[in-house]
Amino acid sequence: MKISNYLSFSHLITSMTEIQQIKALLSSPKDVVILSHRNPDGDAIGSSLALGYFLKKLMHSVTIVFPSECPPMFDFLEGINDIIIYDLDQLAAKNAITKSKLIFFLDFNSLERIDRVGEMIHSSDSDKIMIDHHIDPEPIADFIISDTEASSTSEMVFKFIDDLGWTNKIDSRIGTSIFTGIITDTGSFKYNTRSYTYTVCSALKEKGVDDYSLQDRIFNALNEKHLRLLGHCLANRMEVNLEHGAAMIYLTKVDYKDFGISRGDTEGIVNYMLMIKGIEVAAFITEQPSIIKISLRSKGDINVQTLASTLFNGGGHRNASGGSYNGKLEDVIQKWKDVVPSIITKEIV
Ligand code: 5GP
Ligand code: MN
């Protein structure tokens, strides 16, 4: 039985006519490229590998292209080393895109999220299919499968395969990739879940996914440097504003040098602030070589997506968003402090 047939909820995100059209596109083997966003996370990687394995089962020739490298913690995923990284091999990325007849956009909603790779897409006449769960997808694909209620793009890949009627092709390898995306984007089922998320995970466990081992590999993967950096952030760089339910951590360029931090090393630090009782919105502000990066997280109705897009030229989800700022770290910190009182009085949200 198709999983979606016995679900009580209904999110009609793609009509069955569109699914039939996509099925027709997939009916003969072709060169397919799967693209995901810069600084790929567990969901970008998991959804891409899962869809890639599935399409290979349909005899397509599949190349996955990411603008930048994957965090080493995902090295255990089979096939991750075959992903072409634009930053490391521009020619291979360009050749794959030029040769392709069909391109999937996974886990991003605007070409700005794939940087220079986006320019190649402009000149490509391949058919394009977007599968994504971010708010406000741009009209950059022939088929846009958008579901902002989905926990992750990986969950959507499961539904996509199920809608096509090919759930039986999901094996433990595809399932492992999907499960990875779901647990990374939900913080191990702590946020962004809906009943369908658990339905998918239940089906994946049936398919032989070793969920305990994945949880361990993904969430117990820190090294000493990460924990010491976390200690530094919490002890020396965190400012808590209980009156307005807000907290902030910032890192300077000097911190990056002193702790030998590279970008993925700060993953997850922003979430710690929400562990403080009474804190409902958190900002993690980092001074990158040429830009200031801002990560925002919130609880409940507080909409950090609006904040990220109005203040920091960014976007994302209601409770998890990000953006960037061209200017000084002090200016961003001040900008944040200025806006904090209005967040809680809900002038902005
Ligand atoms: P993070 O804070 O972990 O970098 O990102 C959280 C969420 O915000 C992700 O879903 C990501 O897609 C989104 N996001 C982060 N940075 C940016 C950005 O610069 N622009 C946009 N549009 N979204 C971002
Ligand atoms: Mn995602």
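Here are some notes:
- Unsatisfied cross-links (Cα-Cα over 18 Å) in the set K159/K190; K190/K299; K30/K128; K57/K169; K225/K299; K253/K293: K159/K190; K225/K299
- Magnitude of the charge dipole, segment 218-349, Cβ model with Lys/Arg +1 and Asp/Glu -1, debye to 20: 180
- Computed from Cα atoms, the angle from the helix 329-344 axis to the main principal axis of the chain rounds to 80 degrees.
- Largest first and in whole Å, the equivalent-ellipsoid semi-axes of segment 224-343 read 21, 17, 13, each the square root of five times a Cα gyration tensor eigenvalue.
- The angle separating the long axis of helix 224-236 from the principal Cα axis of greatest extent in the chain is about 40 degrees.
- Calculated Rg and Dmax of segment 309-348 using C-alpha coordinates, Å: 10.7, 28
- Using Cβ point charges alone (K and R +1, D and E -1), the dipole size of segment 128-274 about the Cα centre works out to roughly 440 debye.
- Segment 278-299 versus segment 20-72: alpha-carbon centroid distance in Å: 30
- Cα pair distances of segment 153-311 binned at 10 Å [whole percent]: 9, 31, 30, 22, 8, 0
- For the chain, built as a Gaussian network whose Cα springs stay under 10 Å, the top-fluctuating residue of A246, A141, A221: A221
- For the chain, projected area of the alpha-carbon convex hull averaged over all directions, nm²: 17.4
- Rounded to two decimals, the Cα-based Rg/Rh of segment 11-219, with Kirkwood Rh, is 0.93.
- Each principal axis of the Cα cloud of segment 20-106 was evaluated for its coordinate range; sorted largest first, these ranges are 36, 25, 17 Å.
Readers should treat all values here as calculations from the given coordinates under stated rules, not as data from a laboratory. Everything numeric here is computed off the predicted structure, so don't read it as measured data. Ideal geometry is used to build each Cβ from the backbone, glycine not excepted, and the neighbour counts take in all protein chains shown.
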